[in-house]
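Derivation of every value follows stated rules applied to the coordinates shown; laboratory data play no part. Predicted model, so just to flag it, every value in this text is computed and none were measured. When we count neighbours, we look across all protein chains shown, and the Cβ atoms used for this are built from the backbone with ideal geometry, even at glycine.
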Amino acid sequence: MSISNFSSHLIFKSNSIEYFSAIEHLYHDAYSKGFSEQYIDKANLEIYISDILKHGNAIFVKDNNIFKACLLYTPLSLDYQCPQQIRSNFNLEKCVYIAEIMVAEPFRGQGFGKLLMKSFFETIEYQYYTDAFIRVWEENLPAIKLYENFDFEKYTSIEQTKTKPDGESDFLMKKIYLHRPLFKE
């Protein structure tokens, strides 16, 4: 389903498995090098992407057959690391979880994250969800600022153990959960 055009870019939403490799490529580009570099287990990534496409959706930015960016979302119940503080205070099936926002490295800083967020709020299934959550690394200040510009507020945090690119040693990442009600009172 086409959402809109942004300059010459096609923005569309799909949960089709035909876009699996595009998502996998964007994920590797976002997390296996640069600022948040870490080891990515191929088998776990395949399960993760398949689960999201089965239960949620992806919003893509594409231009001339190049996938530039993607937002993945699903019910919050699929976030198996969701903290007890959220589990105790929200119906996870009624909360949408923005699991990933990935922009290919050459296209960062060009407004694609903002475009994905706008497209998300224009197309989210409001009849199913009352609240939205997103989890972000505390050191990713540009992403936090973007989410705060969309009225997300810090709610709680967790520590995740990640593996360094060498595939052998671990490190901790503190992740912040940001929350936003989908309906203003």
Tell me the relative contact order for the chain as a rounded percent, counting alpha carbon contacts under 8 Å between residues six or more apart. 19 percent
Applying the Karplus parametrisation 6.51 cos²θ - 1.76 cosθ + 1.60 with θ = phi - 60° to the phi angles of the stretch 117-134, what ³J(HN,Hα) value in whole Hz is obtained for each residue in order, glycine and proline being reported as x? 5, 4, 5, 4, 5, 7, 10, 4, 7, 4, 5, 9, 10, 10, 9, 10, 10, 9
Using the beta-carbon distance between residue 32 and residue 141 and R0 = 22 Å, what value does 1/(1 + (r/R0)^6) give for FRET efficiency, to the nearest 0.05? 0.55
Once you mark the chymotrypsin sites (Phe, Trp or Tyr not before Pro) that are in a DSSP loop and have at most 14 other Cβ atoms within 10 Å, what is the longest gap between them in the chain? 1-79
Stretch residue 174-residue 77 to full length: gain in nm at 0.36 nm per residue minus the Cα-Cα span? 32.9 nm
Within the chain, what's the longest run with no trypsin sites (Lys or Arg not before Pro) in a DSSP loop and at most 12 other beta-carbon atoms within 10 Å? Give the range, please. 34-183
Going residue by residue through the stretch 138-145, the Karplus relation 6.51 cos²θ - 1.76 cosθ + 1.60 with θ = phi - 60° gives ³J(HN,Hα) values, rounded to whole Hz and with x marking Gly or Pro, of 4, 8, 8, 4, x, 5, 4, 4
In the stretch 17-81, GluC sites (Glu not before Pro) in a DSSP loop with at most 16 other beta-carbon atoms within 10 Å: 37
In the stretch 2-181, if the dipole is taken from +1 on Lys/Arg beta carbons and -1 on Asp/Glu beta carbons about the Cα centre, which of 134, 112, 57 is farthest to the positive end? 112
In terms of modelled amide H atoms, which long-range or inter-chain residues lie less than 5 Å from the amide H of residue 155? 177, 178, 179
So what J values fall out for the stretch 107-115 if you push phi through Karplus, 6.51 cos²θ - 1.76 cosθ + 1.60 with θ = phi - 60°, rounded to Hz, Gly and Pro as x? 10, 6, x, 10, x, 6, x, 5, 4
Hey, quick one: spin label on residue 85, modelled 7 Å out along Cα-Cβ, who in the stretch 133-152 has an amide N within reach, i.e. under 15 Å? 133-138
So what's the projected area for the chain, the Cα convex hull averaged over all directions, in nm²? 10.5 nm²
